[in-house]
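The values are calculated or read from the model by the stated rules, or taken from the named source; none is laboratory data. Not measured: the values here are computed from a predicted model. Cβ atoms come from the backbone with ideal geometry, glycine included; neighbour counts cover every protein chain shown.
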Amino acid sequence: MSELIPIQTEHAPAAIGPYSQAVVVDGWVFCSGQIPIDPETGDLIQGDIKAQTEQVLMNLSSVLEKAGSSLRGVVKTTVFLSDIDDFGAMNEVYARHFHDHRPARAAVQVGALPKLCSVEIECIARLEK
């Protein structure tokens with residue numbers, strides 16, 4: 001059986017429950033959902049969906065980097081929105097971070113997200129190192 005390697009970086013918010021920021025197994029990185037928390041202060045980013053999405057993707061990038069990957073290695077994301085009307089604005093920031101790389105994606109509206117934030121993103125990526 002393959003070893004599951006938990007990933008933890010101080011450059012992304014610490015897990016707020018019994019889970020890892022990510023787990024690496026068999027050349028794959030499975031990232032837990034990231035919400036818009038500033039890892040230095042532990043505070044939720046206040047602001048519109050663009051500001052929150054920016055922080056989420058910076059957090060996700062930090063976790064991926066610690067694991068040995070990056071946004072370029074992402075093959076699938078799931079975007080959770082508290083309001084689907086924020087999709088367009090979220091998508092602008094998302095596209096800027098992923099550039100011409102276009103992983104598979106699902107986006108859904110949910111009843112509520114942790115800390116009542118507006119966006120959470122999880123992903124699956126390949127190791128690059």
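Per-structure values
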| item | result |
| --- | --- |
| Qualifying residue in segment 8-19 (condition: in contact (Cβ under 8 Å) with a residue 12 or more places away in the chain and not in a loop (DSSP other than H, G, I, E, B)) | no |
| Pair list, Cβ < 9 Å and 6+ apart or interchain, from segment 104-129 residues that are assigned to a strand (DSSP E or B) to residues that are of a type outside the set (S, T, N, Q) and at pLDDT below 95 | Glu120/Pro114 |
| Qualifying residue in segment 103-117 (condition: of a type outside the set (Val, Ile, Thr), at pLDDT 95 or above, surrounded by 18 or more Cβ atoms within 10 Å (Cβ to Cβ) and under 22 Å from Gln8 (Cβ atoms)) | yes |
| Hits in segment 46-64 (condition: over 12 Å from the mean Cα position of the chain (by Cα), surrounded by fewer than 23 Cβ atoms within 10 Å (Cβ to Cβ) and either free of Cβ contacts under 8 Å to residues at least 24 places away in the same chain or not in a loop (DSSP other than H, G, I, E, B) (or both)) | Gln46, Gly47, Lys50, Ala51 |
| Scan of segment 1-31 for residues that are surrounded by fewer than 19 Cβ atoms within 10 Å (Cβ to Cβ), of a type in the set (Gly, Ala, Ser) and under 16 Å from Lys115 (Cβ atoms), ordered by number | Ala14, Ala15, Gly17 |
| Ala15 modelled with pLDDT under 95 and small (Gly, Ala, Ser) | yes |
| Single residue of Gly42, Gly88 found to be of a type in the set (Gly, Ala, Ser), out of contact with any strand residue (DSSP E or B) (no Cβ under 6 Å at 6 or more places or on another chain) and in a helix (DSSP H, G or I) | Gly88 |
| Residue that is farthest from Ile5 (Cα to Cα), among those in segment 28-45 that are among the small types (Gly, Ala, Ser) and under 12 Å from the mean Cα position of the chain (by Cα) | Gly33 |
| Restricting segment 84-102 to residues that are within 15 Å of Val56 (Cβ to Cβ) and acidic (Asp, Glu), the residue that is surrounded by the fewest Cβ atoms within 10 Å (Cβ to Cβ) | Glu92 |
